[in-house]
Amino acid sequence: MIHFNIGSNLNSNHGNRFDNIVIATNLLKDSKIEIKKISNFYETPSYPNKNFPKFVNIGILATCEHNYPKLFKIINLIEKKIGRVKTNKNYPRIIDIDIIDFNGLVLKSNIFKLPHPRSHLRNFVLFPILEIDHKWSHPILKKNAQFLINKLSQKSRIEITRLRKNVNIDL
């Protein structure tokens, strides 16, 4: 199974943060990615600069026939199509699509890193995973999402809000 995390903290020509994520989800689906589950939206402060707009994120559980390099290219094309422009690290962005886990594959090169190197430290990754795949285990650490959430600081555990809103598409 493949775990994606999609986030946005800026409006685009397509609409607001939520619209950007819905469009990204539909474009993934149109790219022959079979979406199995989608989490609710989660909202968190921007990190490290809390003066930037808040992020909304979702987690997606999916499968596909693409290999990892092909999937990586598809994601970059989707981000560009929605309007993402690469700027400084941790700056606001229209859309950010991360592959958190690709079938348990472990890769470390100059281009590719799997699982996502900081996934186990991010509340906006772990809470959606816990919601949609409570059996998931980090490919390197061999720990589940609940264990990793419990290792987060109390501040990190309380500054995330699960919104009563979800991506409304046909799976």
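No value in this document is a laboratory result; all are computed from the given coordinates. Since the model is a prediction, treat every value here as computed from it, not as a measurement. Every residue, glycine among them, receives a Cβ derived from its backbone with ideal geometry; neighbour counts consider all protein chains shown.
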Of the residues in region 83-110 that are part of a loop (DSSP other than H, G, I, E, B) and free of Cβ contacts under 8 Å to residues at least 24 places away in the same chain, the one that is surrounded by the most Cβ atoms within 10 Å (Cβ to Cβ) is 84
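Could you please find all residues in region 11-38 being small (Gly, Ala, Ser) and surrounded by fewer than 22 Cβ atoms within 10 Å (Cβ to Cβ)?
Of region 11-38, the ones small (Gly, Ala, Ser) are 12, 15, 24, 31.
Residues satisfying the conditions are 12, 15, 31.
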Can you spot a residue in region 57-64 that is buried (at least 19 other Cβ atoms within 10 Å of the Cβ), of a type outside the set (A, V, I, L, M, F, W, C) and under 15 Å from the mean Cα position of the chain (by Cα)? yes
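If you take the residues in region 135-171 that are of a type in the set (Val, Ile, Thr) and outside any loop (DSSP other than H, G, I, E, B), which one is surrounded by the most Cβ atoms within 10 Å (Cβ to Cβ)? Even if it seems obvious, please write down each step before you answer.
Of all residues in region 135-171, those of a type in the set (Val, Ile, Thr) come to 140, 149, 158, 160-161, 167, 169.
Right, trim to outside any loop (DSSP other than H, G, I, E, B) and you get 149, 158, 161.
Numbers: 149: 17, 158: 10, 161: 13.
In this case the residue turns out to be 149.
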Only one of (1) under 25 Å from residue 45 (Cα atoms); (2) in contact with a strand residue (DSSP E or B) (Cβ under 9 Å, 6 or more places away or on another chain); (3) without any contact (Cβ under 8 Å) to a residue 60 or more places away in the chain fails for residue 148. Which number is that? (2)
